[in-house]
Amino acid sequence: MEQLNREYLDVLSEEIANRKDDLLRERMDALHPADIADILDRLDVLEVQYLWNLIKTEERGDVLIELEEDVRVALMANLSDREIAEDLLENLDSDDAVDVVSELPEERAAQVIQQLDTEDREDLLTLLRYPEGTAGALMGTELIRVELDWTVSHAIREMRRQAEDVETVHSVYVVNASGQLLGRLSLKRLLFTANSTKSTIGDLFDEGNTRTVKVDEPDVTVVQMMKKYDLVALPVVDDHNRLLGRITIDDVVDLMEEEAEKDYQLASGLSDEVESDDSLWEMTRARLPWLLIGLSGGLAGAYVIGAFDIERFPSMALFIPLIAAMGGNVGVQSAAIVVQGLATGRKPSDSRLLPRLIKEFSVALLNGAICSAVILGASLALGYGWSLSITVSLALIAVIIFAALFGTFVPLTLDRFKIDPALATGPFITTANDIIGLIIYFGIGVLMAA
């Protein structure tokens, strides 16, 4: 598409103002739904509504799911229940349709669902019952399935019929009469290996190890499986191995992006998801809790400094920022490595936890020794004297070791209690290490002065 810059948007706005429908319709027809969504995200509400009516009906659903949430919600508020049902939901895969319906107020969602035909309505209601964060909430019901005892000719007829509702055929699944998943059918074997059209699917299908996921498994399990085995689609089954649906790679990529954004915001000290165009109150509510925690940490740090007779050793105040900064940095580094491992499924077992802490201790000891040697030489060169220089060096190595162990232990503990471990890479670690680092620093100062 043309470069989406201010000049291009100004031309569009001018064409909308002059009601150049044919030209605008031609532009929209030439664009991918994702590119149309980018344009709509940058126009004002009235322009979005006008341009929306010029988009092909069959493409509106694909455009809708690509829009920013606030634009999507505002747009749907101006559509009738029938328009949402017939122009949008019926042109979307079931998993995307569920996402759209979930954003509607409960009462309106029920009204929209009533506008759907019986089959679509039942599929949607079934998917809405699965809790958020499970494989069931991610899956779609559109897939190609054939039964074990079907002949090749019967299977091909059924596959053609089912394919009308499937945008992309990732796999053909073989089930028995009870709907239990038995394996996958290779299209190559179907077309080139069958002896005749009267051959059965049982003669052709692959009974190899077909990867599946239970419908109530957490979505993180889905991500790990699809990444580990390089899958583009993963069948979802119930406790009796009955085939319920499938999860495709695009759904997993969207989930990974959402989780990455969530973890980044937690690490940045944001308690809720926020966008740059959110209201003043929403942005304040997301930021304020961790600012207050940081404020409390600052007060605690001031108390630690006040409890120490700093007037006897005024030169120690010069290294307070260094001790606090190093403790915070090391803690965040260690926590980030652990959180990354947890996010990718590399969770240490109880038997491996101690070796993990020993390794982190060894790394911290080496880093601490190098940093302490550097600060010892630098402080002596700057004329601070042996007593203060040794105090700072010993405190620095102790703080680095503690921060590394603390940064490793905290996210593992949070994960064990089902709390997002990404929380540990944010202000929590930094604030805690600041306070404890000062206690260690002044404690070593008192011992050196004794």
Sorted by average packing, counted as other Cβ atoms within 10 angstrom per residue and highest first, what order do 37-46, 405-414 take? 405-414, 37-46
Would you please give the FRET efficiency between ILE156 and LEU357, computed as 1/(1 + (r/R0)^6) with r the Cβ-Cβ distance and R0 = 45 Å, to the nearest 0.05? 0.15
Rounded to the nearest 10 degrees, the helix 152-163 long axis (Cα) sits at an angle to the longest Cα principal axis of the chain of 60
So, in nm, how far is label ALA17 from label SER315 when the simple model puts each one 7 Å beyond its Cα toward the Cβ? 7.0
Projected label distance in nm at GLU217 and LEU54, using a 7 Å step from Cα toward the beta-carbon: 4.7
Once you place label points 7 Å from the Cα toward the Cβ at LEU128 and ALA260, how far apart are they in nm? 3.2
Beta bridge orientation in the chain: antiparallel %, DSSP, nearest 5: 70
Just how large is the dipole of the chain about the Cα centre, in debye to the nearest 20, putting +1 at every Lys and Arg Cβ and -1 at every Asp and Glu Cβ? 3080
Just to confirm the number: angle between the C-alpha axis of helix 320-343 and the first principal axis of the chain, 0 to 90 degrees, nearest 10? 30
Top of GLY136, GLY341, GLY383 by mean-square fluctuation, Gaussian network on the chain, Cα under 10 Å: GLY383
Checked against the positive end of the charge dipole of the chain (+1 on Cβ of Lys and Arg, -1 on Cβ of Asp and Glu, about the Cα centre), the farthest of VAL339, LEU185, ALA325 is ALA325
On a full-extension model of 0.36 nm per residue, what is the gain between TRP281 and SER178, subtracting their alpha-carbon distance, rounded to one decimal in nm? 31.7 nm
Kirkwood radius from Cα pairs of the range 6-130 plugged into Stokes-Einstein at 25 °C, 0.890 mPa s, gives D in µm²/s equal to 162
Residue-averaged 222 nm ellipticity for the chain, from DSSP H runs of 4+ at -39500 (n - 2.57), nearest 500: -20000 deg cm²/dmol
Report, to the nearest 10°, how far helix 6-17 tilts away from the longest principal axis of the Cα atoms in the chain, using its own Cα long axis and a range of 0 to 90°. 40
Note down the net charge around ASN209, summing +1 for each Lys or Arg and -1 for each Asp or Glu among other residues with Cβ under 15 Å from its Cβ. 0
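Quick note: the coordinates plus some simple rules give every number you see, no bench work behind them. Source: prediction; values computed, not measured. Counting neighbours? That spans all protein chains shown, and the Cβs are built from the backbone with ideal geometry, glycine included.
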